[in-house]
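The values are calculated or read from the model by the stated rules, or taken from the named source; none is laboratory data. Every value quoted in this text rests on a predicted model; they were computed, and no experiment measured them. Virtual Cβ from ideal backbone geometry, glycine too; neighbours counted across all protein chains shown. Just so you know, the surface numbers come from the protein's heavy atoms only, side chains and all, with ligands and any DNA or RNA stripped out. Shrake-Rupley method; radii C 1.70, N 1.55, O 1.52, S 1.80 Å.
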Amino acid sequence: MLSANLITRLGGMIILLLIGHHFAPDQLGAYFAAVATIGLAVTIAQAGCGLLLIRLYQANQRRAAFALCALRLTLAIAATAFVVIMTDIPPSPILLMPMVAAIAPDWIITARGQLSKIALIAVLGQIAGITVAFVAIVTQSNLALFAIAPAISLASLIAGALLALRDHATHPTAITKITRSPMINLIGFTLLAGALPNLDFVLLGRNLPDAAHANLMLAQRIFLITAAIIASISAALFAKKQAGLLRDIWLIAPPLAMTAILMMLPKTLALLFYGTVNADLVALLRTGAFWPVLLAMVSRQILISQETENQFFPGWICLALMVVSGVLLPASPHETDAVIIMQLRLSLCLILIAICHRNPILRNKPA
């Protein structure tokens, strides 16, 4: 688990260093905005059921698992069509990412507890991404730039499929069959967890001026280093059913380190990744320093709550509130204001999920 996270983050940092110093901020801003938007489509394509697929596999409910995969592919096609119609993302390989994510079999490997194979998939994916990044730099091609993220996805898909088909071993201890209510709850929380890293950056940044929007997307790529670590660790902890202090250390320690770096060395980060000391970007990184910790705390609460019976379905409610309020909020006049609002929204999300989990009435349980 640790090696897979380190490989993925190291590869992502190398790619960011490479393209950050060889492409103009407006080009990078457009690419990162496209990645953030398509990231929401990927979340929809996965139907919020990545963790549910793991549990279905472990409970030997294979037919239900593969039916969900068919649903994921249908949603992927619909989400991609929506992105093409409603955004100005140019035709490029990046549009393949939702469909690749829909059919990726990494959940099978995770369900089997074969986490060392996840590290191998990460290595192959990052090698593909770095290779395409070099091509983009040499050719100065926007098409190659927009092919970096899908190259990682496609390489990971191929590697995951080969590894999943090679070993047909089942999980050693099957769990209790999953019923409808826990399924709905788990899907809602998984959708929420998948959407949070990109949702506010897309919704709250959509009406910013071009320069401010570019700064916001440049900052997001740095924030997402921690977000990706949190997502990977959460999936591994879920598969291992890890609880207690060790779970909290795994989830909170990396974001705390990132928060400290963002507070103390924002100028160094901007210079390292983008070769610039843009004062607005530096201020934005410092302003958003607590975003990684807040995301980690929300992820921790989701991990605790998502398999608890709750007829209130807090994941769905929280996701709906985040989307509706994000659409209705007035445009932020400055990118730092948008990041402050994002952190407040994460805090409110954390409070809502915690209340729903701790309150016996909302959990439909006797006090």
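Quick check on GLY125: is it open to solvent by less than 20 Å² (accessible area, probe 1.4 Å) and either in contact with a strand residue (DSSP E or B) (Cβ under 6 Å, 6 or more places away or on another chain) or under 20 Å from SER232 (Cα atoms) (or both)?
yes
Which condition does VAL339 not pass, out of (1) assigned to a helix (DSSP H, G or I); (2) of a type in the set (Val, Ile, Thr); (3) surrounded by fewer than 23 Cβ atoms within 10 Å (Cβ to Cβ), if it passes all the others?
Every listed condition holds for VAL339 apart from (3).
Does the range 65-83 contain at least one residue that is modelled with pLDDT of 80 or more and more than 23 Å from GLY188 (Cβ to Cβ)?
The answer is yes; a qualifying residue exists.
Output yes when any residue across the range 245-266 is open to solvent by 10 Å² or more (accessible area, probe 1.4 Å), part of a loop (DSSP other than H, G, I, E, B) and farther than 19 Å from PHE290 by Cβ, and no when none is.
No: the range 245-266 contains no residue that is open to solvent by 10 Å² or more (accessible area, probe 1.4 Å), part of a loop (DSSP other than H, G, I, E, B) and farther than 19 Å from PHE290 by Cβ.
List every residue pair whose Cβ atoms lie under 8 Å apart, where the two residues are 6 or more positions apart in sequence or sit on different chains, the first residue falls within the range 110-132 and is within 12 Å of LEU157 (Cα to Cα), and the second residue, located anywhere, is open to solvent by 30 Å² or more (accessible area, probe 1.4 Å) and assigned to a loop (DSSP other than H, G, I, E, B).
ILE118/MET1
Could you tell me which of the residues SER332, SER299, SER325 is under 28 Å from ALA354 (Cβ atoms), open to solvent by less than 70 Å² (accessible area, probe 1.4 Å) and not in a helix (DSSP H, G or I)?
Going through SER332, SER299, SER325 in turn, just one is under 28 Å from ALA354 (Cβ atoms), open to solvent by less than 70 Å² (accessible area, probe 1.4 Å) and not in a helix (DSSP H, G or I): SER332.
Hey, any hits in the range 229-242 for a residue that's crowded, with 23+ Cβ neighbours inside 10 Å, hydrophobic (A, V, I, L, M, F, W, C) and within 20 Å of LEU352 (Cβ to Cβ)?
Yes, some residue in the range 229-242 is crowded, with 23+ Cβ neighbours inside 10 Å, hydrophobic (A, V, I, L, M, F, W, C) and within 20 Å of LEU352 (Cβ to Cβ).
Anything in the range 63-93 that is among the polar types (S, T, N, Q) and either in contact (Cβ under 8 Å) with a residue 40 or more places away in the chain or surrounded by fewer than 16 Cβ atoms within 10 Å (Cβ to Cβ) (or both)? List them, or say none.
The answer is THR74, THR87, SER92.
Pick out the one residue from LEU196, LEU216, LEU224, LEU191 that is of a type outside the set (Phe, Trp, Tyr) and more than 15 Å from the chain's Cα centre (by Cα).
The match here is LEU216.
If you take the residues in the range 40-62 that are more than 23 Å from LYS241 (Cα to Cα) and open to solvent by 20 Å² or more (accessible area, probe 1.4 Å), which one is farthest from the chain's Cα centre (by Cα)?
ILE44
Which residue out of PHE223, PHE290 is aromatic (Phe, Trp, Tyr), open to solvent by 30 Å² or more (accessible area, probe 1.4 Å) and at pLDDT 85 or above?
PHE290
Name the single residue, out of those in the range 1-26 being in contact with a Gly (Cβ under 7 Å, 6 or more places away or on another chain) and either surrounded by 19 or more Cβ atoms within 10 Å (Cβ to Cβ) or of a type in the set (D, E, K, R) (or both), that is modelled with the highest pLDDT.
Taking the candidates together, the pick is ILE15.
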